[in-house]
Amino acid sequence: MKELSLDDELSFSSGMSAFEAKHFPIAYDLLLPLAEAGHPDAQYRLAIMAQAGLGMTVNKNSAVKWMRAAAEQNLGMAQHGLGFMYMDGDCVKQDYAQAVLWFKLAAEQGLAGAQATLGNLYKEGQGVEQDLEEAKRWFAMAGF
């Protein structure tokens with residue numbers, strides 16, 4: 001991703017402020033051009049908005065598009081989010097193997113939630129062969 005200009009940095013900051021204040025239509029307008037330019041944090045926020053219908057109608061295709069775009073740029077929270085999409089069959093066809101792939105990428109970045117979820121997947125044998133030792137390893141990494 002290219003470095004943001006000062007104007008883009010201000011747009012991102014304003015978009016994030018609007019997102020956090022739950023002014024989703026304003027956040028959308030400010031973040032969309034940045035997401036289209038490849039900004040992973042903007043893509044992730046648009047994915048959340050589209051998935052949950054925050055300030056817009058739920059749009060599962062858009063949610064997956066933006067979540068995947070951010071995840072493919074190694075944004076851990078987006079990898080975690082995409083993992084849940086696959087695990088729950090939300091916006092995509094349920095696929096535990098894909099869920100494991102995305103959770104593992106997020107877990108390797110230190111995201112405790114992804115580590116714990118990965119531990120559960122190993123414990124239950126969902127998307128991977130059941131492996132209680134591997135489950136314990138991931139739970140320990142998550143602090144359990």
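For segment 71-117, the relative contact order works out to 33 percent when only alpha carbon pairs closer than 8 Å and six or more residues apart are counted.
Label reach from ASP95 (point 7 Å along Cα→C-beta): in segment 34-73, amide nitrogens under 18 Å belong to 60-73. In percent, rounded to a whole number, the relative contact order of segment 1-73 is 24, using alpha-carbon pairs under 8 Å and six or more apart. Dividing the helix sum by the residues of the chain, where each DSSP H run of 4 or more adds -39500 (n - 2.57), gives a mean residue ellipticity at 222 nm of -22000 deg cm²/dmol. With loop membership from DSSP and a limit of 10 other Cβ atoms within 10 Å, the longest segment of the chain without GluC sites (Glu not before Pro) is 4-128. Put one equal scatterer on each alpha carbon of the chain, apply the Debye formula with no solvent term, and list log10 I(q)/I(0) at q = 0.08, 0.16, 0.19 1/Å to two decimals. The Debye formula, applied to the Cα set alone, gives -0.24, -0.82, -1.02. For the chain, the relative contact order is 12 percent, taking Cα pairs closer than 8 Å that sit 6 or more residues apart in sequence and dividing their mean separation by the residue count. The trypsin sites (Lys or Arg not before Pro) of segment 67-144 that DSSP puts in a loop, and whose beta carbon has at most 13 other beta carbons within 10 Å, are LYS93. Computed extension gain for LYS136 through ALA21, at 0.36 nm per residue and net of the alpha carbon distance, reaches 37.5 nm. Each residue of segment 131-140 was assigned a 3J(HN,Hα) from its phi angle through the Karplus curve 6.51 cos²θ - 1.76 cosθ + 1.60 (θ = phi - 60°); the sequence is 8, 5, 5, 5, 4, 4, 4, 5, 4, 5 Hz, with glycine and proline shown as x. Each residue of segment 72-83 was assigned a 3J(HN,Hα) from its phi angle through the Karplus curve 6.51 cos²θ - 1.76 cosθ + 1.60 (θ = phi - 60°); the sequence is 5, 9, 6, 7, x, 5, 6, 4, 4, x, 5, x Hz, with glycine and proline shown as x. Scalar couplings 3J(HN,Hα) for segment 111-128, obtained by applying the Karplus form with A = 6.51, B = -1.76, C = 1.60 to θ = phi - 60°, are 6, 4, x, 5, 4, 5, 5, 4, x, 5, 5, 5, 4, 8, x, 9, x, 9 Hz; x denotes Gly and Pro. For segment 1-108, the Cβ-based charge dipole about the Cα centre amounts to some 380 debye (Lys, Arg positive; Asp, Glu negative; other atoms uncharged). Neighbours of VAL92, meaning other residues whose beta-carbon lies under 14 angstrom from its beta-carbon, give a summed charge of +1 when Lys and Arg score +1 and Asp and Glu score -1.
Projecting the Cα positions of PHE84, LEU105, ALA69 onto the charge dipole of the chain (unit charges on Cβ atoms of Lys, Arg, Asp and Glu, taken about the Cα centre) puts PHE84 furthest along the positive direction. At a Cα cut-off below 26 Å, give the lysines reachable from LYS104, other chains included and same-chain residues fewer than 8 away excluded. Qualifying lysines at Cα under 26 Å: LYS60, LYS65, LYS93, LYS123, LYS136. Here segment 71-131 and segment 14-48 have alpha carbon centers that stand 24 Å from each other.
Coordinate-derived values only; no laboratory data. In this text the structure is predicted, and so the values were computed from the model without any measurement. Cβ sites come from the backbone with ideal geometry, for glycine too, and all protein chains shown count toward neighbours.
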